[in-house]
Amino acid sequence: MRKKVEYTQLIHEEKKHTKAQRMTDNFEPNIIAFLCNWCAYAGADLAGTSRIKYPPNMKSIRVMCSGRVDPAFILEALKNGADGILVAGCHPRDCHYQSGNYKAKRRILLLKKLLHQLGINPSRVRFEYISASEGQRFASAVTEFVDDLKKFGPNPLSGVA
Amino acid sequence: MKMRQTKNPEKLKLAFYWAASCGGCEIAALDIDEKILDVVAVADILFWPVAIDTKYKDIEAMEDKSIDVCFFNGAIRTSENEHMAKLLRSKSKVLVAFGACAHTGGIPGLANVGSREEVFNVAYLDNPSTENPNKITPKTSIKVKEGELTLPEFYDTVKSLNQVVDVDYYLPGCPPSPELISEAIDTIVQNKLPPKGSVLAPSKSVCDECKFEKCEKKISEIKRIYEVKEVDPNKCLLEQGIVCMGPATRGGCDARCLNANMPCTGCGGPTPESSDQGAKMISALASILGVKDEEKMDEKEVEELIEKVRDPLGTFYKYALPTSLINRRVMK
Amino acid sequence: MKIGVYICECGTNIAATVDVEKVSEYTKSLPNVAVSRFYKYMCSDPGQELIEKDIKELNLDRVVVASCSPRMHEPTFRGVLEQAGLNPYCFEMVNIREQCSWVHDDGQKATEKANALIAGAVARAAFLEPLEKKEVSVIPKALVIGGGIAGIQAALEIADKGFRVYLVERNPSLGGRMAQLDKTFPTLDCSACILTPKMVDVNRHPNIKLLTYSEVVDVQGYVGNFKVKVKKKPRYVDEAKCIGCGLCAEACRLKNRIQNEFDVGLGKRSAIYVQFPQAVPLKYTIDPEHCLTLKVGKCGDFPLCKKACDKDAINFDQKEEVVELEVGTIVVATGFDLFDPLQKPEYGYGKYGNVITGLEFERLVSASGPTGGHIEVNGRNPEKVVFIQCVGSRDKDGNEYCSRVCCMYTAKQAHLVKEKIPDAEVTIFYTDVRAFGKGFEEFYNRVQGEDVVYRRRELDDPIEVVKQGDKVVVRANGHPDTEADLVVLATGIIPRKDTKELTRILNINESADGFLLEAHPKLRPIDTFTDGIFIAGCCQSPKDIPDTVAQASAAASRVCNILSKKQLEIEATIAHVDELMCRGCGFCVEVCPYGAIKLKEVNQFGHTVEVAEVNEALCKGCGACSAACLSGAIQHHGFDDGQILAMINVLAGG
């Protein structure tokens, strides 16, 4: 008589439970932001020196150029539970390294197509052009993103190891 | 029927098993041609459902680690696949994930864009050639007047072999090439196996074995093969705008597809250092697509250019979705 | 692995919002953390000593400092590590000020965020590797872009220190805006008198190569090693032969027919011209937009200038030339434009002939100007002159900044009117009089004492100029209508219209107001974010001549800091290839914007294979190659996959 097998599959009921827990009125999205050193990070610093307030949901990772951002980083962030990912670089034609921002844009566009196929809202990945003098714009972008993510709800992958 | 006893206890005891597979790996094993005679000279095959009538209970009755090497092909799609994976793991000294399905999930892995319900819906209910007015779909058990009938559980998510048991070695490819298989057999017989966890294939990409000439990696647009009026028979396909997974895929296959003038689709799985075959190709491809004119293109033109890649998931994750960073579409 | 974590209170800047003590406690529990401290000012001497002591006594492998932005103090703390004998790249900085305490109100959330950020940094720190700083040689030459007072001052000081300077000026002559001014506030020095000796010094200086009527069109390279392409526009006059006698201009068929840009359209010149009589170099230039020979191919029977020139200096076959210069540093001193009051029709500029701008007034009152220094409207001295301040400045809908010099130059111009036309009625419509500098307030009081009437208005109170017969009337809220024969608009300083283009050529940034961006508004007002490129004068922000000269001196000093070194240390965070992992696919080669990566053949295990190689001198450390690499063979030192992934795993998991 063949033994009944234990089902050790990823239990999506477990996922649903965790998701339900997070999807309360108190859901605070967790955003990872990749900010380029010369423009976006400086813009974020300017928001700071100007004391412009924005929600604390964003945690930044400084890279020298938005062109450093590998789509695999974004997938890792999503897999680990981040609700949203912001990638911010210099405006077109202003990249400190000439063209990193163009590559970043193309990679993220292609990645978004993949996310859509994976059933993940592509708007969870947000690509912004922010210059070193755009402190207010930075703050507004983060605020808007937090609001959007609150509407989208928690990362549907959260609860998955 | 009694299990065939080994006449010579010195002979290697081998097993072959197919889980969720197409049978191609079985054929591939035979593609080593005459070498199969060398194999049976040094080994006894104890278990090979396609060829030998050994039963599961015979395997269950074996002592742990009594099989020297088990070649396990196919992905883990059902509870039966999982059960056999665990069974063969306990009964085998060395477990080799044979072929793309066992290695990275393979083609069956693409079903991870759906769920059991969606797969059953298409297979049994909602397709043009099925008449199923009573909407009967497989169940794991049903009581009939004679007793209870059971079927394996069909999981929502396809997994690779190493996602359910510890795997000792991997033979990549869909199917693995005869050269790789030969080489693997020789390594086993001569007891020269590399450290556990190794992939028994070169660590270079398919490009290393490919006949096409590589010039500069700048593509101005992506084309489907039929859209290319004249494929240059000497030039790298990717450089001609045809998506080829060669750069992101482990070699060892002698670039067979490229030799037949077809682009690589990635069946060898990721190269050693890559965390995600598809993500790496997405990054690399998007980096060089449109790179020559990137300063001149406006937002709309960039979007249109990327739009040309119609199916990123199917193109870049054809064989390795279950073992990628995000291994399935979000469950609805 | 022993990691030291140091949290700064930054006075109350961080501590007022982030509970620094709690954070320190929390960080003690993070993996590999050997010690965690907090202190009021981590960047101060005692703060730095704390870290140095711990490194030496506790044998720390890595240091994490949570304080202000790394763009602020990363070099400071890296210096501390070096001092303590630890490789400076074993350092990670966490921004809990600009991007935490300063932007969040909720103390608890800010503290939690600080915890998470530090946890991420600690995870990343464990993967940091010691890096060796590269050294590059320095070309002991400087480039100064702009031949106004800022450029002239900077060039002279650098040249005096013994370094070769190329001074590039787009106009045919040096002098810039200062040459257009009459007398300067508050001392009423004659502008040309103090400027021209310096212009001559530049021309004579053995270390300065003057490239006038030229423009910088391309800049490549990096600090210590810039390659600059300069386009020399054709003068159609052989500079070696021209002696500046002016006979050509006298003879020109278009004499007095072309608007003279130097006189802001008020005067006229010939098609062959010098900008002003004291031009340096005193060489004539032919204007290709108007010269008949150049425009239509023929000038009567024979070009009259050529006939007149007995040195045979005229050469219509001259072509544009592009020269390549190699320099170690660049000073940008490109000056400013002035607000165009046509954008504000209420002032009547362009409509009424007796409404002029401040600069046009300067030309009227200059002895070398179109009227020989007579202030006149329709041939007569005006009896009533009205000045209107803040035209195009302090405008919430336009340029929000204050143009800084207009209050003083208006006061000066009012004084000059009184000096030349003692009976004139002079009125100034102002909002504030900004007389902040040395001698400014005293001058302002003096002008008021000369019967110049100051009428105050609010910035957004409407003011307009309307016609009344052959006079105009200035109508301002709260004041009786003021009749005027001449209205002078104090137009504000604005950035040059090709500033954006310049920032792209040089790879520097613009500020929000369109001027050039300095590296730090207080502590680094001369540096830009691109090492080796400095800014001075009004291109950075509106300022008067004393401040411009001070900045130019500062820029010269910054330049000499670099040029006086034989070797310069540059960033070690560049790309690097692991040849065993590299498969020679060539993607990185195409991705690199500097062409810093090439494929080369190597022998691996008896086979000849191609692998990538990074030219360390050209790599600027952007990391684009690393993201494109399919095998992870090319990695960005300091920002490699392992380090960033470690950080992502921690930050996302929270």
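The values are calculated or read from the model by the stated rules, or taken from the named source; none is laboratory data. What you are looking at is a predicted structure, and each value in this text was computed from that prediction instead of being measured. Quick reminder, even Gly has a Cβ in these numbers, built from the backbone with ideal geometry, and neighbours come from all protein chains shown.
Taken across region A:78-94, residues that are among the aliphatic types (A, V, I, L, M) and part of a helix (DSSP H, G or I) do occur, with at least one present.
When the residues of region C:266-293 are filtered to those that are in a loop (DSSP other than H, G, I, E, B) and β-branched (V, I, T), which remaining residue is surrounded by the most Cβ atoms within 10 Å (Cβ to Cβ)? Among them, the one singled out is C:V280.
The residues of region C:625-636 that are more than 16 Å from C:E571 (Cβ to Cβ) and touching a Gly at 6+ places or on another chain (Cβ under 7 Å) amount to a single one, C:A627. Against the condition surrounded by 20 or more Cβ atoms within 10 Å (Cβ to Cβ), on the phi > 0 side of the Ramachandran plot and either more than 34 Å from the chain's Cα centre (by Cα) or not aromatic (F, W, Y) (or both), how does C:C406 come out, does it pass? Criteria not met by C:C406. Restricting attention to region C:311-324, the residues being farther than 30 Å from C:K227 by Cβ and surrounded by 11 or more Cβ atoms within 10 Å (Cβ to Cβ) number 4.
For (1) within 14 Å of chain A (Cβ to nearest Cβ); (2) part of a loop (DSSP other than H, G, I, E, B); (3) within 29 Å of C:I574 (Cβ to Cβ), each residue gets a yes or a no:
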| residue | (1), (2), (3) |
| --- | --- |
| C:E132 | no, yes, yes |
| C:A142 | no, no, yes |
| C:V165 | no, no, no |
| C:P172 | no, yes, no |
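The helices (runs of 4 or more DSSP H) found entirely in region B:218-332 that carry 2 or more residues being within 8 Å of another protein chain (Cβ to nearest Cβ) are B:277-288, B:299-307, B:312-316.
Say whether the condition of being more than 7 Å from every other protein chain (Cβ to nearest Cβ), out of contact with any strand residue (DSSP E or B) (no Cβ under 9 Å at 6 or more places or on another chain), outside any strand (DSSP E or B) and of a type outside the set (A, V, I, L, M, F, W, C) is met by at least one residue in region A:37-51. Scanning region A:37-51, I find at least one residue that is more than 7 Å from every other protein chain (Cβ to nearest Cβ), out of contact with any strand residue (DSSP E or B) (no Cβ under 9 Å at 6 or more places or on another chain), outside any strand (DSSP E or B) and of a type outside the set (A, V, I, L, M, F, W, C), so the answer is yes. Screening the candidates C:G638, C:G595 for the property of being within 14 Å of chain A (Cβ to nearest Cβ), out of contact with any Pro (no Cβ under 7 Å at 6 or more places or on another chain), part of a loop (DSSP other than H, G, I, E, B) and surrounded by fewer than 17 Cβ atoms within 10 Å (Cβ to Cβ) yields one hit, C:G595. Within region C:601-624, the set of residues being within 18 Å of B:C215 (Cα to Cα) and either touching a residue at least 40 places away in the same chain (Cβ under 8 Å) or of a type in the set (S, T, N, Q) (or both) comprises C:T608 only.
Taking region B:111-136 as the range and being under 24 Å from B:L321 (Cβ atoms) and out of contact with any strand residue (DSSP E or B) (no Cβ under 7 Å at 6 or more places or on another chain) as the test, the residues that pass are B:V113, B:G114, B:E117, B:E118, B:V119, B:F120, B:N121, B:V122, B:A123, B:Y124, B:D126, B:N127.
Assuming B:P272 fulfils every condition listed in (1) more than 14 Å from the chain's Cα centre (by Cα); (2) crowded, with 21+ Cβ neighbours inside 10 Å; (3) under 24 Å from B:V167 (Cα atoms) apart from one, which condition is it? (2) is the only condition that B:P272 fails. Scoring C:V103 on the criteria (1) facing chain A (nearest Cβ under 10 Å); (2) aliphatic (A, V, I, L, M); (3) within 24 Å of C:H636 (Cα to Cα) leaves a single failure, condition (3). There is no residue in region C:623-634 that is of a type in the set (V, I, T) and farther than 20 Å from B:A279 by Cβ.
With C:S626, C:S631 as the choices, which residue is assigned to a helix (DSSP H, G or I) and within 9 Å of another protein chain (Cβ to nearest Cβ)? Explain how you work it out, then say what you get.
Values: C:S631 fails: assigned to a helix (DSSP H, G or I).
Selected residue: C:S626, the only one of C:S626, C:S631 that is assigned to a helix (DSSP H, G or I) and within 9 Å of another protein chain (Cβ to nearest Cβ).
Among B:E179, B:E118, B:E153, which is surrounded by fewer than 17 Cβ atoms within 10 Å (Cβ to Cβ), within 14 Å of chain A (Cβ to nearest Cβ) and either out of contact with any His (no Cβ under 8 Å at 6 or more places or on another chain) or of a type in the set (D, E) (or both)? The unique qualifying residue is B:E118.
Is it the case, given these coordinates, that C:A155 is under 25 Å from the mean Cα position of the chain (by Cα) and assigned to a helix (DSSP H, G or I)?
On the way: under 25 Å from the mean Cα position of the chain (by Cα): yes; assigned to a helix (DSSP H, G or I): yes.
So C:A155 passes the test.
The numbered conditions (1) touching a helix residue (DSSP H, G or I) at 6+ places or on another chain (Cβ under 8 Å); (2) part of a loop (DSSP other than H, G, I, E, B); (3) within 11 Å of another protein chain (Cβ to nearest Cβ) are all true for C:C588 except (2).
Only a single criterion out of (1) within 30 Å of A:L111 (Cβ to Cβ); (2) at the interface with another protein chain (Cβ under 8 Å from one of its Cβ atoms) is not satisfied by C:V609, namely (1). For region B:53-92, give me each residue that is acidic (D, E) and more than 25 Å from B:L193 (Cα to Cα). Of everything in region B:53-92, those that are acidic (D, E) and more than 25 Å from B:L193 (Cα to Cα) turn out to be B:D53, B:D58, B:E60, B:E80, B:E82. Selection of region B:146-202 for residues being in the same structural domain as B:L37 (by TED's automatic domain parsing), among the small types (G, A, S) and out of contact with any Gly (no Cβ under 7 Å at 6 or more places or on another chain) yields B:S182, B:A184. Of the residues C:E326, C:E289, C:E321, the single one that is of a type in the set (D, E), without any contact (Cβ under 8 Å) to a residue 24 or more places away in the chain and within 26 Å of C:V216 (Cα to Cα) is C:E289. For region C:376-385, indicate whether the set of residues that are within 24 Å of the chain's Cα centre (by Cα) and part of a loop (DSSP other than H, G, I, E, B) is non-empty. No, region C:376-385 contains no residue that is within 24 Å of the chain's Cα centre (by Cα) and part of a loop (DSSP other than H, G, I, E, B). If the condition is being facing chain C (nearest Cβ under 10 Å) and touching a residue at least 60 places away in the same chain (Cβ under 8 Å), then region A:82-96 contributes A:A82, A:D83, A:H96. Where strands (runs of 3 or more DSSP E) fall entirely within region C:435-515, those with at least 1 residues that are within 14 Å of chain A (Cβ to nearest Cβ) and at pLDDT 95 or above are at C:493-495.
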